[in-house]
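Undergrad: Have a look at this one.
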Amino acid sequence: MPTRDELPPRTGPWATRFDSEEALIQAEDALRQAALENHDLAPILPFEDVYGPWDNCLGKATAIAIDPREPYGPDGEINYVHGDFLTQGLLYGVYRPAAGVGEDGPSSADELWNTTLYPYPGGYPYPDGGPIAPTEVPLADLGLDAPGVDRRFVHFCAGMLGAEAVDDLGMLRDTFDSAWPDYRETISAGLLHVVRNRPLSVDSWYALTYVTFPDQQELTSYLAQVYAYLFDEFDAMPVAPR
């Protein structure tokens, strides 16, 4: 199966970093706790939930993007914009069960392995519309108000299948059977729902994940392969378009 090192580089719209080791450790501790408490391998937390309100979020992370409304200035130089972490910052964690975890799922911090962890700002300045906030969007707005589907499936799509982690899906495969049974059930229900009923448009998918698909059929085929890869022993890791 391909690994991230064997695939061409993929980036989302933002280049981000934590501004200090302390900010990174605070984020990791909070996300790992959320993963264990909520049975969620792709927890997402608002900045203020981890660092505190308003100016407590200053100096924790930096994000830079090319302005999509005006990529170049009058002098031909690239126009960069800085991300807003004060009001709309999010922390993404992607985890997988450690080897040897029992069928009931991880129960302690050392039974979760971290795949990636990153800060992302909200309010990306799209020419039309904006990103979908995975922590807030009503499931009904995405057509995901279906039996067995909950907020964790939105996190799975935004985090696990998002631009910053989708090429790491192969790292999850080996121990996914050791994820919490209720988590596996909601991911299975969600994937089957989006494949059978196609509630997510390619525009909605991009606004949630920053991964672009050319059309609805390509997106549906990809999600069907993700289901087969995680639940039906399909050998090849699905690779999202670039």
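The values are calculated or read from the model by the stated rules, or taken from the named source; none is laboratory data. Predicted, not measured: the structure shown is a model, and the values here were computed from it. Here Cβ is always computed from backbone atoms with ideal geometry, including for glycine, and neighbour counts include all displayed protein chains. Calculation scope for accessible area: heavy atoms of the full protein, side chains included, ligands and nucleic acids excluded. Shrake-Rupley method; radii C 1.70, N 1.55, O 1.52, S 1.80 Å.
Undergrad: With the requirement that a residue be open to solvent by less than 40 Å² (accessible area, probe 1.4 Å) and small (G, A, S), what does the stretch 225-241 give you?
TA: Passing the criteria: A228, A240.
Undergrad: Of the residues that sit in the stretch 10-32 and are in a helix (DSSP H, G or I) and in contact (Cβ under 8 Å) with a residue 24 or more places away in the chain, which one is farthest from R96 (Cα to Cα)?
TA: That would be A23.
Undergrad: Let me ask another. What pairs come up if the first residue lies in the stretch 133-148 and is touching a residue at least 40 places away in the same chain (Cβ under 8 Å), the second is part of a loop (DSSP other than H, G, I, E, B), and their beta carbons are under 6 Å apart, counting only those six or more places apart or on different chains?
TA: Final answer for the pair search is G143/P199.
Undergrad: Which members of the stretch 225-242 meet the condition of being more than 26 Å from P121 (Cα to Cα) and part of a loop (DSSP other than H, G, I, E, B)?
TA: D232, E233, F234, D235, A236, M237, P238, listed by residue number.
Undergrad: Tell me which of these A189 doesn't satisfy, since it passes every other one: (1) touching a residue at least 60 places away in the same chain (Cβ under 8 Å); (2) within 22 Å of D235 (Cα to Cα); (3) assigned to a helix (DSSP H, G or I).
TA: The number of the failed condition is (1).
Undergrad: If you don't mind, another one. Considering the stretch 165-190 alone, what residues qualify as being of a type in the set (V, I, T), over 12 Å from Y227 (Cα atoms) and buried (at least 22 other Cβ atoms within 10 Å of the Cβ)?
TA: Matches in the stretch 165-190: V166 only.
Undergrad: Do you know which of the residues in the stretch 198-224 that are in a helix (DSSP H, G or I) and farther than 25 Å from W14 by Cβ is least open to solvent (accessible area, probe 1.4 Å)?
TA: Per the stated criteria, the residue is T220.
Undergrad: Restricting attention to the stretch 58-78, report how many residues are at pLDDT 90 or above, in a loop (DSSP other than H, G, I, E, B) and within 23 Å of A163 (Cα to Cα).
TA: Qualifying residue count for the region: 1.
Undergrad: Which residue out of D40, D49, D55 is within 20 Å of the chain's Cα centre (by Cα), outside any loop (DSSP other than H, G, I, E, B) and acidic (D, E)?
TA: The match here is D49.
Undergrad: Report, ordered by the first and then the second residue, all pairs with beta carbons closer than 7 Å, sequence separation of six or more or different chains, a first member in the stretch 203-217 that is over 14 Å from I132 (Cβ atoms), and a second member that is of a type outside the set (V, I, T) and surrounded by 21 or more Cβ atoms within 10 Å (Cβ to Cβ).
TA: The qualifying pairs are F213/W205; F213/L219.
Undergrad: Which residue, of V50, V81, is modelled with pLDDT under 90, closer than 24 Å to T209 by Cα and of a type in the set (A, V, I, L, M)?
TA: Every option except V81 fails the conditions.
Undergrad: Separate question: Taking into account only those residues within the stretch 51-110 that are among the charged types (D, E, K, R) and either in contact with a strand residue (DSSP E or B) (Cβ under 6 Å, 6 or more places away or on another chain) or buried (at least 19 other Cβ atoms within 10 Å of the Cβ) (or both), which is nearest to H39 (Cα to Cα)?
TA: The selected residue is R96.
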